[in-house]
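Reading through the structure tokens given below for one structure.
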Amino acid sequence: RGYEPVLLVLKAPLRMAQRRFPEAIKLLDQAVALYLEGEPEQRDPHLAGRSLVAKSAVLIEMGESESAIQTLRRAAGLIDPVRDPRLVLCIHHNLVDNLSKMGRHKEAADLLPELRDLAAAHGGALDHLRLRWVEGRVAAGLGEHQRARQLLTVVRQTFLDAGNPYEAAL
């Protein structure tokens, strides 16, 4: 009985891979509800937050960036940073990334200092590279073209050096 939300969360990525987005969203919403309001043995706000992070990935895949941003913000309020500090980093990165892709560069720039701190404390080499990538996109959006070019050139070359042409092309 206590495993119901776990099964819902495990089923959702399959639905997403099948491009059955509404079903994936429904499964994750059910999991969130159980984690927040279900039987006492199921309740876990942190896992509700993790489920919301998964929901944000589905929303991003659907092209629903604004809904994804709102979902990430809700997730951030539920995640226990001591229990999973790297997830806090991922949430902040995804927020900045989505804001920049939506053209909300000033809002994204305002979140960069906290993202840098989180990456320094909990990130690995790839996290730092992705941070530079989003910093470059934000800089470009703010009209800081030379800084953007410098950052994005380093990112591209690092991906090429690592044998990752797909990421370099992005």
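Computed values, structure above
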item: Unmet requirement for ARG19, which otherwise passes all of (1) under 26 Å from LEU99 (Cα atoms); (2) open to solvent by less than 20 Å² (accessible area, probe 1.4 Å); result: (2)
item: From the options SER100, SER65, residue that is buried (at least 21 other Cβ atoms within 10 Å of the Cβ), closer than 30 Å to GLY143 by Cβ and in contact (Cβ under 8 Å) with a residue 12 or more places away in the chain; result: SER100
item: In the range 121-161, the residues that are surrounded by fewer than 17 Cβ atoms within 10 Å (Cβ to Cβ), assigned to a loop (DSSP other than H, G, I, E, B) and not small (Gly, Ala, Ser); result: LEU142
item: Selected residue [assigned to a helix (DSSP H, G or I), within 14 Å of the chain's Cα centre (by Cα) and charged (D, E, K, R)] from ASP110, ASP97, ASP117; result: ASP97
item: Leading residue by the ranking (farthest from the chain's Cα centre (by Cα)) among those in the range 30-61 that are in a helix (DSSP H, G or I) and over 18 Å from ILE91 (Cα atoms); result: GLU37
item: Residue list for the range 68-83, restricted to those being assigned to a loop (DSSP other than H, G, I, E, B) and crowded, with 17+ Cβ neighbours inside 10 Å; result: LEU78, ILE79
item: Index of the failed condition, LYS106 passing every other in (1) without any contact (Cβ under 8 Å) to a residue 12 or more places away in the chain; (2) farther than 21 Å from GLU167 by Cβ; result: (1)
item: Index of the failed condition, HIS93 passing every other in (1) out of contact with any Leu (no Cβ under 9 Å at 6 or more places or on another chain); (2) open to solvent by less than 80 Å² (accessible area, probe 1.4 Å); (3) of a type outside the set (Lys, Arg); result: (1)
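The values are calculated or read from the model by the stated rules, or taken from the named source; none is laboratory data. Since the structure is predicted, the reported quantities are computational estimates derived from the model, not experimental observations. All Cβ positions, even for glycine, are placed from backbone atoms using ideal geometry, and neighbour counts span all protein chains on display. Heavy atoms of the whole protein, side chains included, go into the accessibility calculation; ligands, DNA and RNA do not. Shrake-Rupley method; radii C 1.70, N 1.55, O 1.52, S 1.80 Å.
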